[in-house]
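*Asks:* Below is a structure I'd like to ask you about.
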C-alpha cells in the first residue's frame, strides 16, 4: 500500500466522500454580547491552565469553535452510499444516530469573523474573532486570588455572554494544573479508545457507525493514576470535528477530565494536508508546549504500537529526559519489545523507562513507581 495512504487511513477514506459532498452545492447584537445567531452553535474545548511560579498568576487558554450545524439529507446519503460501495458498510436503524451525529460535524459550516464574549472569574472578556475554520483562541492571564475564588475542584468554569432572550448556554472548562505533580500525555485512538486505525474498514465503522468503545482496563488505570495528583492531556491525530463525541466518550467512561489537543483540518485551505502527515510530523508540536508549560511536573507518555507513538515518544524523551519518567505503549499489532523496530527506536534509552503492554494489570497503579 502506498506510504501516503498508510499515513492516515481515516482521512484518506473519508476525503473522497467529503469532496463529493462539498461539490454539491441577522439580528442586531447588543454591546458586550456574543455574536451568535440562532442557527449557530459554540463548542468550547477543554483546556488546562498553567501558573507562573513567581507571581502566582494563571495563564488560562480559551479555545472554541463556532459553526452552523448541518443536517443535509443529500450530503449524508452520498456519504453513506460511498461507504457502502467502497467499504461494504451500511447505515441502518442500529447505527444511524452515530452516523448522523458525526457526519453532521464533518459537514458543518464554520463561521469566520465571529466575536465571542465570555464571563470568567468575575470578568467579561472579549475573545479574538473566529478564523476561517471557525476556531477562536487566546490565553487570558488571571490573578491567583480571582481564580481561587471562582474555581471548584481545580476547575475554572466560564460561559459565553449571549444576547438578551437567548435561552441556550455555551459553557467551557479550564483545568487548573499546578506547577508540580504528575502528568499523563495520552494518545486516544487505539490507546484509550478501540479504533482499529490500521484496518480501514473497521476504523470507519468504529468512527462513524457505533458508540465509541474504551480500551480494556484504561479507564480504571487512569483513575488510579488520578488519585496521585496526576493531570491528563489527550493529544491525538483525530480532527477537532470529532471533539464533541470524544469528550462525551471520555466522560461516559469515567476517564479523568483532560485537556484536548487535536488536529486542525479544513477542507478548503492548506490545513487539508495535515491529514496526510505522520504523527512524527505533527505530535511533537502538540506535546512539547505542554512540557514547557509545566517544567517541574513529571510526565508519563502513553500511546499505541499501531502508528508512530513509539517513534514520537522516544524522540521527545531524548529532548526532555529530565521531565519524562515512563513511556507505555499499548500493543495492538502483536509486537515484541525485541523487534527491530523497538531496538532502533529506543536505542540508548534504559529499557526500564519504556514498556510495551497488552494488559493494564501489568502496569503500575501509581505514577510514583519509577524504574
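The values are calculated or read from the model by the stated rules, or taken from the named source; none is laboratory data. Since the structure is predicted, the reported quantities are computational estimates derived from the model, not experimental observations. Note that each Cβ is placed from the backbone with ideal geometry, even for glycine, and that neighbours are counted across all protein chains shown.
*Asks:* Would you kindly identify the helices (runs of 4 or more DSSP H) lying entirely within the stretch 276-371 that contain at least 3 residues that are buried (at least 19 other Cβ atoms within 10 Å of the Cβ)?
*Replies:* 279-293, 309-319
*Asks:* Look at the stretch 85-109 and say how many of its residues are buried (at least 18 other Cβ atoms within 10 Å of the Cβ) and touching a strand residue (DSSP E or B) at 6+ places or on another chain (Cβ under 9 Å).
*Replies:* 3
*Asks:* Can you tell me which of 132, 128 is closer than 28 Å to residue 78 by Cα, assigned by TED's automatic domain parsing to the domain that holds residue 57 and surrounded by fewer than 20 Cβ atoms within 10 Å (Cβ to Cβ)? I'd like the intermediate steps shown before the answer.
*Replies:* Values: 128 fails: closer than 28 Å to residue 78 by Cα.
Answer to the selection: 132.
*Asks:* Would you confirm whether any residue within the stretch 227-243 is within 15 Å of the chain's Cα centre (by Cα) and in a loop (DSSP other than H, G, I, E, B)?
*Replies:* no
*Asks:* Taking the residues in the stretch 251-274 that are buried (at least 20 other Cβ atoms within 10 Å of the Cβ) and under 18 Å from residue 237 (Cα atoms) as candidates, determine which candidate is modelled with the lowest pLDDT.
*Replies:* Looking at residues that are buried (at least 20 other Cβ atoms within 10 Å of the Cβ) and under 18 Å from residue 237 (Cα atoms), I get 265.
*Asks:* Which one of these is under 30 Å from residue 89 (Cα atoms), more than 19 Å from the chain's Cα centre (by Cα) and at pLDDT below 95: 167, 201?
*Replies:* Just one listed residue meets the conditions, 201.
*Asks:* Taking only pairs six or more apart or across chains, which ones have beta-carbon atoms under 7 Å, a first residue in the stretch 68-81 that is buried (at least 17 other Cβ atoms within 10 Å of the Cβ), and a second residue that is at pLDDT 85 or above and not in a helix (DSSP H, G or I)?
*Replies:* Close Cβ pairs (under 7 Å, with a partner that is at pLDDT 85 or above and not in a helix (DSSP H, G or I)) amount to 75/107; 80/91.
*Asks:* Looking at the stretch 92-111 only, could you name the residues that are under 19 Å from residue 40 (Cβ atoms) and not in a helix (DSSP H, G or I)?
*Replies:* Matches in the stretch 92-111: 107, 108, 109, 110, 111.
*Asks:* May I ask you to verify whether residue 187 is surrounded by 20 or more Cβ atoms within 10 Å (Cβ to Cβ), modelled with pLDDT of 95 or more and more than 16 Å from residue 65 (Cα to Cα)?
*Replies:* Values: surrounded by 20 or more Cβ atoms within 10 Å (Cβ to Cβ): yes; modelled with pLDDT of 95 or more: yes; more than 16 Å from residue 65 (Cα to Cα): yes.
Taking the combined requirement at face value, the residue satisfies it.
*Asks:* Within the stretch 161-171, identify whether any single residue is over 30 Å from residue 109 (Cβ atoms) and crowded, with 18+ Cβ neighbours inside 10 Å, and answer yes or no.
*Replies:* Narrowing the stretch 161-171 to residues over 30 Å from residue 109 (Cβ atoms): none.
Scanning the stretch 161-171, I find no residue that is over 30 Å from residue 109 (Cβ atoms) and crowded, with 18+ Cβ neighbours inside 10 Å, so the answer is no.
*Asks:* Count, please, the residues in the stretch 183-201 that happen to be closer than 16 Å to residue 215 by Cα and outside any strand (DSSP E or B). So that I can check it myself, show each step before the final result.
*Replies:* As a first pass, look at the stretch 183-201 and keep what is closer than 16 Å to residue 215 by Cα: 186-198.
Among the residues that remain, those that are also outside any strand (DSSP E or B) are: 187-188, 190-192, 194-198.
Final tally of qualifying residues: 10.
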